[in-house]
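Undergrad: Below you will find the structure I want to go over with you.
Since every read-out is calculated from the coordinates, none of them should be taken as a lab result. Because the structure is predicted, anything quoted here is derived from the model rather than measured. Every residue, glycine as well, gets a Cβ built from its backbone with ideal geometry; the counts of neighbours run over all protein chains shown.
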Amino acid sequence: MKPLPDARAQHTDRVRRAHGAARWRAALLDGLLAWYILGGTVWFLRWWTHPPAVSGGAPEAFSPALHLGLLVGGVLLGLLWSSIRTSPGRMAVARTTPLLRGDAPKPAGGFWRTWHGRAVLYALALTLGLGLRITQVDLYALFSREGLAGARRIFEALAQPNLSIAGVVFDKMVETIFVALMATVAAVPVAFVLSFAAARNLSRHSAGAMALYSLVRFLANLTRSIEPVLWAIIFSVWVSFGPFGGMLALFVHSVASLIKLYSEQIESVDTGPIEAIEATGAGRLQTIWYAVVPQVVLPYLSYTIYRWDINVRMATIIGLVGGGGVGELLMQYFGLGRYNEVGTIVLFITAVVWTMDWLSAKVREAIA
Amino acid sequence: MQEDAPILEVKDLWKTYDNGVAALRGVSFTVRRGEFLGVIGLSGSGKSTLLRCINRLVEPSSGSIRFGGAEVTAMGGKDLSAARQRIGMVFQHFNLVKRKSVLTNVLTGRLGAVGTWRSIAGRFSPEERARAAELLGIVGLGDKGDVRASELSGGQQQRVAIARSLMQRPDLLLADEPVASLDPSTSHSVMRYLEQANQEFGVTILCNLHFLSLVRQYTTRVIALQAGQIVYEGSPQEIDEAWFRRIYGEEAKEVRIQ
């Protein structure tokens, strides 16, 4: 028989290595938090001592030297902070690492009673304050006389849509729906195949599968984090303006999103049938086909219809940047300030989105 | 291979899970051909882990498992698949593919012996289909072949699971709490099918059980696990009140299934 090292020694070794890796992650978290608290506080102090020239406007930007100083300060404070066992980073990492959860520190009176917890609460309050200042929340502007008059002008025009352009809008709306449909249809087979590689529970058995899992997950997350509008701009350069570019943009984003939805479905399947099929001596492909696929086909179908629904809405937005369809038309009339025509388009979009929403909900209900 | 050679030899088997739990701590025992061996013990005593180590659904940490003379722990790929084909398994929660037909579920017992692409296309041979139908008849579900597995009752599902494992023509059958989620009368019906597999088809059976009354009625020999170690090995009739207390704790009181 093959020699196996002592199980307990293996375990303590794993715990030790986990501790080492956890320290670095904790230092990173504490550093980020320290940098954020430091920077946010300095921002407020400066706003206090040097108020912006225009009331309610943005204050002066930080100088590069100040940025550098904050970064260095954050790193140093973070390193110092994470040398304490109950620092926020150490606590978060210890509680989220299964091997270390057992001996995570439990401060008397709870974490929120320690000054570490208070620092986190301070960071949250700081975030709310910064949010109010940076988005320049201004209730005067919202309810000013001129503002309200402008809004009224637009709403009145929207409420009197120019129906003489309905034929053109209808054609463009059809284009939008098909852009969304083709993007979804093309994305399904690609996402279907890749979703099995992107499911953790099917990849744990070997280092190679785990590497593929990480790669697919990484690429999918990267692709998904680039907004479809950005993809549309990229493809408008690649294949020129029009519905094809819009379709490609939605396709890329749909593949990434469906991989995530599909693989999460795989990760939540009942493991019983997988065990049972494996126990018969079946190979991996057979196990997936007989134990996993039957459990995921219906949810997949449901997610796909849902995705088409989302794509119709996104196709409209993508049209605004040259991805064809009704969005393009909307942009043209909006640019010309012809709000009656914009009203017609908005009417169409609303009707289609509402219908798609209702249809997709009904179909998903029917197959569930 | 000699007829009286042991079919299964487990020596100094250890299993420590990644979270540090030591489920098995040096388990050794031998199973002869044709035995109906009961495994008893509290939940968490390592019974399930033990069965799952034998067909490597769980990787043992150290020790030796010899099945039909071959070392299971050293097997990879094709060897392991071949060994698993000769070891059937039934589970507490039946583990059928619920959206597939009952007949397809029985046929999955043959997957190891059927080529990957042929099985994915669903092209099982007429002989295999006939055998699956015959086994469904044996477990009393001859008329349910086309029904979805999810539509059957728990007891019926477990009988399909037994048919699936017999489809493998196994030498050894691992039964992990096969009746723990069934009512008493259904329990007996399922146990009788296991007994039939043992006595008529000569399948050696290793069966985790909770109820001593079932152990006494159906098994030929019994081992008891406590905290990952064997604390009793012998005849099921010799487990008396004192032994029962030692295995299940001082507070335990025996519950009988009639």
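Undergrad: Which whole number gives the average count of other chain Cβ atoms within 10 Å of the Cβ atoms across peptide B:62-69?
TA: Taking all residues of B:62-69 together, the mean is 2.
Undergrad: With 10 angstrom as the radius, rank A:143, A:251 by how many other C-beta atoms surround their C-beta, starting from the fewest.
TA: Listed from fewest to most nearby Cβ atoms, that is A:143, A:251.
Undergrad: Take chain A, connect every pair of alpha-carbon atoms lying under 10 Å apart with a spring to form a Gaussian network, then pick out the residue of A:349, A:134, A:317 with the largest mean-square fluctuation.
TA: Checking each option, the largest mean-square fluctuation is seen for A:134.
Undergrad: Right, next: Quote to one decimal, in nm, the extra length available between residue A:163 and residue A:350 on full extension: 0.36 nm per residue of separation minus the C-alpha distance between them.
TA: Computed gain between residue A:163 and residue A:350 is 65.8 nm.
Undergrad: Further question: Could you list the trypsin sites (Lys or Arg not before Pro) in segment B:91-188 that lie in coil according to DSSP, counting only those with at most 14 other Cβ atoms within 10 Å of their Cβ?
TA: Answer in residue order: B:123.
Undergrad: Further question on the same structure: Can you name the helices of chain A, as whole DSSP H runs, whose Cα span along the helix axis is 30 Å or more and whose Kyte-Doolittle mean is not below 0.0?
TA: Membrane-span-like by this rule: A:166-197, A:243-267, A:293-320, A:339-367.
Undergrad: Only Cα pairs within less than 10 Å get springs; with that Gaussian network setup on chain A, which residue of A:351, A:249, A:207 has the largest fluctuation?
TA: Answer for the Gaussian network model of chain A: A:207.
Undergrad: Using modelled backbone amide H atoms (1.01 Å from N, in-plane), which distant-in-sequence or interchain residues come within less than 5 Å of residue B:24's amide H?
TA: Result for residue B:24 returns B:15.
Undergrad: Can I ask one more? Where Lys and Arg each count +1 and Asp and Glu each count -1, what net charge lies around residue A:83 among other residues with Cβ under 11 Å from its Cβ?
TA: Residues close to residue A:83 contribute a combined charge of +2.
Undergrad: Would you mind giving the three semi-axes, in whole Å and largest first, of the ellipsoid equivalent to the protein assembly as shown according to its Cα gyration tensor?
TA: Ellipsoid semi-axes (Å, largest first): 60, 37, 21.
Undergrad: Another question about this same structure. Using Cα atoms only, what is the angle between the long axis of helix B:154-167 and the major principal axis of chain B, expressed in degrees (0 to 90) to the nearest 10?
TA: 80 degrees
Undergrad: If you don't mind, there's one more thing I want to ask. Output needed: percent of Cα pairs per 10 Å distance bin for segment A:113-219, bins running from 0 to the one holding the longest distance.
TA: In order of increasing distance, the bins hold 11, 14, 12, 21, 26, 13, 3 percent.
Undergrad: I would also like to ask the following. Going through the cross-link list B:15/B:100; A:106/A:260; A:260/A:362; A:260/B:98; B:78/B:98; B:11/B:78, which pairs have a Cα-Cα distance over 30 Å in this structure?
TA: B:15/B:100; A:106/A:260
Undergrad: Here is a further query. Can you give the net charge of the other residues whose Cβ lies under 15 Å from the Cβ of residue A:160, counting K and R as +1 and D and E as -1?
TA: +1
Undergrad: With springs connecting C-alpha atoms under 10 Å apart, model chain A as a Gaussian network and identify which of A:94, A:197, A:256 has the largest mean-square fluctuation.
TA: Evaluated over chain A, the most mobile residue of the options is A:94.
Undergrad: Still on this structure, please answer the following. Contact order normalised by length for segment B:98-169, with contacts defined as Cα pairs under 8 Å and 6 or more residues apart; what percent is it?
TA: 52 percent
Undergrad: What's the longest uninterrupted piece of chain A once you rule out the trypsin sites (Lys or Arg not before Pro) that are loop residues per DSSP with at most 15 other Cβ within 10 Å?
TA: Here the longest run is A:205-337.
Undergrad: Just to confirm a number: summing +1 for Lys and Arg and -1 for Asp and Glu over residues other than residue A:280 whose beta-carbon lies under 12 angstrom from that of residue A:280, what do you get?
TA: Within the 12 Å Cβ shell, the charges total +3.
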